[in-house]
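K.L.:
Below you'll find the structure I mean.
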Amino acid sequence: METGRNAASDDAMAADDVVVKGEMHLIVGKTYTFYFRSQDVLHCAWFPHFRAQMNCVPGMTTSFTIKPTITTKDMRLDEFVIDHYKNINTIHNERKRRIGEEEEVVEFDYVLMCNKICGASHSNMQMKVVVETEAEYKNWIESQKRFDGGAVSYTIGAAATEELAQEIED
Ligand SMILES: [Cu+2]
């Protein structure tokens, strides 16, 4: 039974969960269904580049299904994205120089943000999203730790099998 925010630490079934902070990795071409809940107030999960958003409502579960089709690396090679980020970096670094900070180069990343003004920490509610090949995903996930501290093992092809099963069900 779920008893609170850290309930997973009391649940032996959570031992092989992989809990990561700050970014989400998705395999290109795989279908994902996200389920949303809220433990406090109304939030809104927004993937602006995927044109997908959904309210996260206390007391109920909402969801949407997406299939990312372009990797982060390929997006960074897109002419429009290159031009757009050239402009962003020009404006960004003009400001950096004006306030005496070191210049930096910002690159395109997919992002997940909260799209409801939900409270004082609203502007912290954003996360980098990396869309990558399954081989790249395997490298990344296997560099993470399981909830119980153990090593993570990922089998290439497991995601394709899951997707096939889902399409058959539909
Ligand atoms: Cu918010």
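The values are calculated or read from the model by the stated rules, or taken from the named source; none is laboratory data. Because the structure is predicted, anything quoted here is derived from the model rather than measured. Methodologically, a virtual Cβ is constructed for each residue, glycine included, from the backbone with ideal geometry; neighbour enumeration extends over all protein chains shown. The protein model used for the area step is the full one, side chains on, heavy atoms only, and it has no ligands, DNA or RNA in it. Shrake-Rupley method; radii C 1.70, N 1.55, O 1.52, S 1.80 Å.
K.L.:
Could you work out how much longer the chain between Asn93 and Arg76 gets when fully extended? Use 0.36 nm per residue separation minus the Cα distance between them, nm to one decimal.
P.N.:
Extra length available between Asn93 and Arg76 comes to 4.2 nm.
K.L.:
Let a ≥ b ≥ c be the square roots of the eigenvalues of the Cα gyration tensor of segment 53-125; is it rounded (a/c under 1.5), or, if not, prolate (a/b larger than b/c) or oblate?
P.N.:
oblate
K.L.:
Taking only Cα atoms, what is the 0 to 90° angle, nearest 10, from helix 79-98's long axis to the longest principal axis of the chain?
P.N.:
70
K.L.:
Please give, to one decimal in nm, the separation of the simple spin-label points placed at Met60 and Ala15, each 7 Å out from Cα toward the Cβ.
P.N.:
Output for this residue pair reads 3.8 nm.
K.L.:
So what is the calculated 222 nm ellipticity per residue for the chain, using -39500 (n - 2.57) for each DSSP H run with n of 4 or more, over all residues, to the nearest 500 deg cm²/dmol?
P.N.:
-8000 deg cm²/dmol
K.L.:
Can you give the accessible area per residue of segment 1-105, in Å², using a 1.4 Å probe?
P.N.:
Heavy-atom SASA per residue in segment 1-105 reads 72 Å².
K.L.:
In addition: What whole-number distance in Å separates the alpha-carbon centres of segment 121-144 and segment 15-58?
P.N.:
12
K.L.:
Please work out how much length the chain gains when fully extended from Val41 to Glu102, using 0.36 nm per residue of separation minus the C-alpha to C-alpha distance, in nm with one decimal.
P.N.:
18.2 nm
K.L.:
Ok, one more. Need the full-extension length gain, Glu142 to Arg51, defined as separation in residues times 0.36 nm minus the C-alpha distance. One decimal, nm.
P.N.:
Going from the current span to full extension adds 29.8 nm.
K.L.:
Further, regarding this structure: With the Cα gyration tensor of segment 16-67 giving a ≥ b ≥ c as the square roots of its eigenvalues, does the rule (a/c under 1.5 for rounded; else a/b larger than b/c for prolate; else oblate) give rounded, prolate or oblate?
P.N.:
It comes out oblate by the Cα gyration axes.
K.L.:
So how many Å³ per residue does the convex hull of the Cα atoms of segment 28-170 work out to?
P.N.:
Dividing the Cα hull volume of segment 28-170 by its residue count gives 181 Å³.
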